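This report concerns only the one structure given below.
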Amino acid sequence: MASHGIEIRNLYKIFGPRGRDYVESVKAGMTKAELNEKHGHVLGLKDISISMPAGGITVVMGLSGSGKSTLIRHINRLIEPTIGEVVYDGTDICRMNEKDLREFRRHKTAMVFQKFALLPHRTVIENTVYGLDIQGVPRAESTRRGRYWIERVGLSGFENHYPNQLSGGMQQRVGLARALTNDADILLMDEAYSALDPLIRVDMQTVLLDLQAELKKTVVFITHDLDEALRLGDKIAILRDGKVIQQGTGQEIVLSPADDYITAFVKEVNRGRVIQARTVMRPFDGIMDGVRLAANATLETAAKQITEAGQSRAIVADENGAPVGLLDLPTIIAAMVTPASHSAEKMAAE
Ligand SMILES: Nc1ncnc2c1ncn2[C@@H]1O[C@H](COP(=O)(O)OP(=O)(O)OP(=O)(O)O)[C@@H](O)[C@H]1O
Ligand SMILES: [Mg+2]
């Protein structure tokens, strides 16, 4: 099943009985606070346009109340937009009739929740096949599919356990198995990992990345955590007060933060895990001396490979193995410790 991307276009959500009446005022610049004070309506989302790539993970970040859940719930239309479009595979989800919407929700989307949302009286396998039960899929078939995904998330042997017999991380694996068993193209994960202990959380990120490398679903992943966003996101959108204040790759955001708020946010990031070789490499000098390094390798990986090879420089190669640049250890160290204004300029020029 080929994945499709999700195009969110000029989406506004104003909570309250007469939301539509205030769209023009909001467009004209009325703030969330003013809208609330003067009219008792809540600005949920303001003019959101995000292109969520097919088969990629789009991370939505932002502080509490910035509109992340409101946004993700528009994708399966648990929330009706005030105006705007959410286009998937050529269709605006916001305009689907009830029957199409039901089909879309059932077959194209799956959600993974922070609180796991497992049914306490159902076993792991019964929870996993719950969606298929609702669709009327025969038990033999649903059990076969359910068992496969339970194994893939690393829970074999726990099929007949109940949720309260499992740790938080294991419960979240069940949540993921349940979502995957539905075989939906779109995976919606609203703070799915936020309740987990840090180490378990990193494990679960790995589970998702490993599965995603093979499944290539269109994933929308909400988090408060920048490290998680940078690790998972092919693309990251940062919201504040219902608006997108920056969107791009993790590298773009770390190298050229759009404002002081994001600058403060990305200051503590381990740049070596985000910045890629191609961003800071120097021109190739024609001397074929040094280890080969992929252009999209992170600086951390680059430093490791160069050091392990007992050398001080590497040849950066494109996907076809052709040399495109040079990278040496001093350059790597400089880029890891200094805000790379030079790199940012370079990226802007690309
Ligand atoms: N049904 C609703 N009615 C009125 N206001 C709402 C409703 N749902 C959300 N809001 C408001 O919309 C804004 C965005 O809320 P939302 O839940 O999307 O934020 P969030 O980024 O998911 O926050 P959190 O990180 O706490 O989950 C908030 O100001 C919230 O109070
Ligand atoms: Mg939320």
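Is there a residue in segment 92-109 that is over 20 Å from the mean Cα position of the chain (by Cα), surrounded by fewer than 18 Cβ atoms within 10 Å (Cβ to Cβ), assigned by TED's automatic domain parsing to the domain that holds G168 and within 16 Å of ligand 2 (Cβ to nearest atom)?
no
If I ask for residues that are away from ligand 2 (no atom under 16 Å from the Cβ) and of a type outside the set (S, T, Y), which ones from segment 178-195 would you list?
R178, A179, L180, N182, D183, A184, D185, I186, L187
Condition check ((1) farther than 29 Å from G154 by Cα; (2) among the aliphatic types (A, V, I, L, M); (3) in a helix (DSSP H, G or I); (4) not assigned by TED's automatic domain parsing to the domain that holds Y148) across all residues:
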position: E80; (1), (2), (3), (4): yes, no, no, yes
position: V86; (1), (2), (3), (4): yes, yes, no, yes
position: A117; (1), (2), (3), (4): no, yes, no, no
position: R122; (1), (2), (3), (4): no, no, no, no
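Between a residue in segment 198-226 that is touching a residue at least 24 places away in the same chain (Cβ under 8 Å) and any residue that is within 16 Å of ligand 2 (Cβ to nearest atom) and assigned to a loop (DSSP other than H, G, I, E, B), which pairs come within a Cβ distance under 6 Å, given they are 6 or more apart or on different chains?
Partner pairs satisfying both residue conditions: R201/Y193; M204/Y193; I222/E191.
Can you name every residue in segment 62-110 that is of a type in the set (A, V, I, L, M) and within 14 Å of ligand 1 (Cβ to nearest atom)?
L63, L71, I72, I75, L78, I79
Please indicate, with yes or no, whether at least one residue in segment 240-247 is within 17 Å of the chain's Cα centre (by Cα), assigned to a helix (DSSP H, G or I) and over 26 Å from I315 (Cβ atoms).
The answer is no, given that none of the residues of segment 240-247 is within 17 Å of the chain's Cα centre (by Cα), assigned to a helix (DSSP H, G or I) and over 26 Å from I315 (Cβ atoms).
Consider S167 carefully, then state whether it is within 20 Å of S51 (Cβ to Cβ), in contact (Cβ under 8 Å) with a residue 24 or more places away in the chain and more than 18 Å from the chain's Cα centre (by Cα).
Spelling it out, it is not the case that S167 is within 20 Å of S51 (Cβ to Cβ), in contact (Cβ under 8 Å) with a residue 24 or more places away in the chain and more than 18 Å from the chain's Cα centre (by Cα).
Report every pair of residues separated by at least 6 positions or lying on different chains whose Cβ atoms are under 6 Å apart, first residue within segment 45-65 and crowded, with 24+ Cβ neighbours inside 10 Å, second small (G, A, S) and not in a loop (DSSP other than H, G, I, E, B).
V59/A229; V60/A237; M61/A229
Please go through segment 34-76 and give me each residue that is within 21 Å of E191 (Cα to Cα) and part of a helix (DSSP H, G or I), ordered by number.
Once the filter is applied, which keeps residues that are within 21 Å of E191 (Cα to Cα) and part of a helix (DSSP H, G or I), segment 34-76 yields K68, S69, T70, L71, I72, R73, H74, I75.
When L326 is evaluated against the numbered criteria (1) aliphatic (A, V, I, L, M); (2) touching a helix residue (DSSP H, G or I) at 6+ places or on another chain (Cβ under 6 Å); (3) modelled with pLDDT of 80 or more, which criterion, by number, is the only one it fails?
Going through (1) aliphatic (A, V, I, L, M); (2) touching a helix residue (DSSP H, G or I) at 6+ places or on another chain (Cβ under 6 Å); (3) modelled with pLDDT of 80 or more one by one, L326 breaks only (2).
Mind listing whichever residues of segment 202-239 are within 16 Å of ligand 2 (Cβ to nearest atom) and buried (at least 19 other Cβ atoms within 10 Å of the Cβ)?
Across segment 202-239, the qualifying residues are V220, F221, I222, T223, E228, A229, A237, I238, L239.
The values are calculated or read from the model by the stated rules, or taken from the named source; none is laboratory data. These figures come from a predicted structure and were not determined experimentally. Note that we place each Cβ from the backbone using ideal geometry, even for glycine, and neighbour counts take in every protein chain shown.
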